[in-house]
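Below you'll find the structure, written out as structure tokens, and then a few comments.
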Amino acid sequence: MGIDLSFKNRVKRAGRFILGTSPEKLGRILEKADTVSFDLFDSLVRRDVPYPDSVHRLVAEKFFARTGKRIPDYSLKRKQAEAAAYAHAGGREMTLREIFGEMRSVEPESRALLMKLEQETEWEVCCADPKMKEVFDQMKRAGKHVLITSDMYLPEPLIHKILDHCGYCGYENLYLSSSFGVTKASGQLYQQLTKHSKSRPGKIIHIGDNIKSDYLRARQAGIGSSLLREQTNPLKFHTGERNETFAAACCRAFLANHKPVGRNGRDQMAAAIGYEVLGPLLVGYCRWLKAQAKRTGISKIFFLSREGRLLKNAYEELYPYREETTAYLYVSRQALQVPMLSRCRNFHDLCGLLKPLMREHTLKSIGESCHLGCAYEKKLPVLGLKLEDDLFRIPEAAQEPYFHLIQELGIHYFAEQFALAKAYLSQEGFFGSIILSDIGWHGTMQWALEKYCQDEARLRGCYIGCWNPAAAQLYERLSRSGYLTSPGKNKETELLLRFSCDIMETLFSNSEGSVAAYGRKEDKIIPVLREKEWNGSSLEFVRRVQGYAMDFVKDWNRSPLYSQADMPEELVLAGLRRMLQNPSLCTVNCFKKCRFLDGTLRNMLPNHSAVWYILHPEILISDFEKSSCKLFFLKDVFKIPLPWFWLLKFVRETLKIKSSNQKIWLEQ
């Protein structure tokens, strides 16, 4: 009866755990050695695929792409050919040519191409293990004799090419079983090593990951050995999904092999969010955006401030030799919509413009946003109104007088800013067919830009995500789509983003303040920026997250295998779900000091503890309704790991309970 492979693998893992050493502790062990020998695969070098035989599946796909022919069960045929070649080798190491010689069910011409493609793919998928690369370089700096010893059927020139590609240079000799005809597993390759080594056996140490061939056989040959402990999964937000596709599994392997470690706890969290979540989202979105530009034939892409800065940087990194022109446009809802008050005819028009501009529609926040000054505060009582009154709760008798007060105090400023905004758009070449790139949501800025440009520009919005607010009439005619979600599509993803808007926008935010207005400098129109809402440790954390995200974009673009591949959307969504649906307290605390400008400046997360809120339930309800990161809000207040996303979904979708802000959209 054969041994259960899963049991056998568990025994091997247990052995590596008991006998193994982590790369960080190898330095001391190797101090007394004169010569250090390294195993190659799964030690110095890793593959950016989930399993070693995943290479065969990639080869079959490449073969189909080049010839249009499918080879049924190619991975199985390749595995059987290797087993047959091993049996015929009679204990010596087989070669790649001998393996393909056993694949008699495939015609010779196809075998030659398949062998060539396998070598090409092996080179593409290989990358250095960063921790072992550090040990390798440390041994060279210490003046050790560095050797590489491996049981591998691949030809020696290809192995040298792989080592060079992974940054390994300066080793003295390569002991390859396919070149010497003997293996580590038999112990005979170690005899060749000691025969040619400049050090006596007692001063040689071999390092590898296999208990038998790297640890036991080396010791039997009289040389020292150190077994590498199996490394734990370094990923925080990707553990492999049920029914995961092959493409997603490959991308997850890439993430695990290339993710930076981070210097400390907070930096490690920045690395996890940036490299595992934001980086794949940037690549996936930019690949989709490129396809949208090609499909529509539009050659101008304007990235909207502020979230568009990171999108633009990622797009230009991925496509340095692009056909389309890219530009960054300084706009904001306030800079575009406040000047449009000069075009309002009545109180109803006023409400329509101010509704999407801010979350809290108090008369105080309206006065600040519209730059109405002290006269505004003095004249409100004449109308029987107070600063804390809500715009949408003004008595009907005071509505038109309030509208005329706004016009009286602000008309000159509104008209001046409208003219400046229109001139700025013209100055930046904002005409013709244009793609707008931004994080998205409703499409308010696209609607406002269309009002400014009229027939001068034809706009197509391409966003991370977009959806209609409670009352959709204003946005239905906009030409727009979203990478992750669009109106009427991917409802669950839409809800996830709705419950996490502030978190998402914070991840994309740059170090500039938002556009408050426009001004003149000599003969140019320039944006007037607000002061940044937050700084210090919060700003530094977001910068680190974005830095790690751009590291992923660069690593992906440098990969010979993946640089032209689409990012699987399921992998992007898996990372987002794990981060946003059930956030850990560690994740929540990283955003604790962030503030958000949404008409008024407010803290993104709760100001009080659970006990305080329980004693003041009306404030809890008010703060929760105002929050645009409700999942983080609930986790921060109550701490306990309840399924908050599904509870909110049930309240919203099944019980049909609307927030006060949604009711405003529906009523107006």
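Numerical summary
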{"quantity": "Residues that are in contact with a helix residue (DSSP H, G or I) (Cβ under 6 Å, 6 or more places away or on another chain) and in a helix (DSSP H, G or I), drawn from the stretch 336-353", "calculated": "Leu336, Gln337, Pro339, Met340, Leu341, Ser342, Phe347, Leu350, Leu353"}
{"quantity": "Pick from the stretch 325-356, criterion free of Cβ contacts under 8 Å to residues at least 60 places away in the same chain and in contact with a strand residue (DSSP E or B) (Cβ under 7 Å, 6 or more places away or on another chain), ranking: surrounded by the fewest Cβ atoms within 10 Å (Cβ to Cβ)", "calculated": "Thr325"}
{"quantity": "Residues satisfying the stated conditions in the stretch 564-595, i.e. more than 27 Å from Ala253 (Cβ to Cβ) and either open to solvent by 60 Å² or more (accessible area, probe 1.4 Å) or free of Cβ contacts under 8 Å to residues at least 24 places away in the same chain (or both)", "calculated": "Leu585, Asn589, Lys592, Lys593, Arg595"}
{"quantity": "Residue within the stretch 231-246 that is hydrophobic (A, V, I, L, M, F, W, C), over 30 Å from Leu585 (Cα atoms) and surrounded by fewer than 17 Cβ atoms within 10 Å (Cβ to Cβ) present", "calculated": "yes"}
{"quantity": "Single match in Ala457, Ala415 (criterion: of a type in the set (Gly, Ala, Ser), under 15 Å from Gln337 (Cα atoms), more than 31 Å from the chain's Cα centre (by Cα) and open to solvent by less than 60 Å² (accessible area, probe 1.4 Å))", "calculated": "Ala415"}
{"quantity": "For Ala270: the one exception among (1) without any contact (Cβ under 8 Å) to a residue 40 or more places away in the chain; (2) farther than 30 Å from Ala448 by Cβ; (3) among the aliphatic types (A, V, I, L, M); (4) in contact with a helix residue (DSSP H, G or I) (Cβ under 6 Å, 6 or more places away or on another chain)", "calculated": "(1)"}
{"quantity": "The stretch 78-102 residues that are within 20 Å of Gln119 (Cβ to Cβ), paired with ones that are of a type in the set (S, T, N, Q) (beta carbon under 6 Å, 6 or more apart)", "calculated": "Glu93/Ser177; Glu93/Ser178; Glu93/Thr183; Thr95/Ser178"}
{"quantity": "Cβ pairs under 7 Å, 6+ apart, first in the stretch 394-418 and over 20 Å from Glu368 (Cβ atoms), second open to solvent by 50 Å² or more (accessible area, probe 1.4 Å) and among the acidic types (Asp, Glu)", "calculated": "none"}
{"quantity": "Candidate set from the stretch 542-558 (those that are crowded, with 20+ Cβ neighbours inside 10 Å and hydrophobic (A, V, I, L, M, F, W, C)); member that is farthest from Cys286 (Cα to Cα)", "calculated": "Val542"}
{"quantity": "Any hit, the stretch 312-319, residues being in a helix (DSSP H, G or I), open to solvent by 10 Å² or more (accessible area, probe 1.4 Å) and over 17 Å from Leu436 (Cα atoms)", "calculated": "yes"}
{"quantity": "Residue check, Lys144 open to solvent by less than 20 Å² (accessible area, probe 1.4 Å), under 13 Å from Ser37 (Cβ atoms) and of a type outside the set (Ser, Thr, Tyr)", "calculated": "no"}
{"quantity": "Number of positions in the stretch 46-74 that are in a helix (DSSP H, G or I) and either of a type in the set (Phe, Trp, Tyr) or touching a Ser or Thr at 6+ places or on another chain (Cβ under 8 Å) (or both)", "calculated": "11"}
{"quantity": "Matching residues, the stretch 75-101, being out of contact with any Pro (no Cβ under 9 Å at 6 or more places or on another chain) and outside any helix (DSSP H, G or I)", "calculated": "Gly90, Gly91, Arg92, Glu93, Met94"}
{"quantity": "Any pair with Cβ under 6 angstrom, 6 or more apart, that starts in the stretch 435-453 at a residue that is closer than 17 Å to Leu311 by Cα and ends at one that is among the β-branched types (Val, Ile, Thr) and open to solvent by 10 Å² or more (accessible area, probe 1.4 Å)", "calculated": "Ile435/Ile298"}
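The values are calculated or read from the model by the stated rules, or taken from the named source; none is laboratory data. As the structure is a computational prediction, the values presented were derived from the model and not from experiment. Cβ: placed from backbone, ideal geometry, glycine included. Neighbour counts: every protein chain shown. We work out accessible area using only protein heavy atoms, side chains counted, and drop any ligands, DNA or RNA first. Shrake-Rupley method; radii C 1.70, N 1.55, O 1.52, S 1.80 Å.
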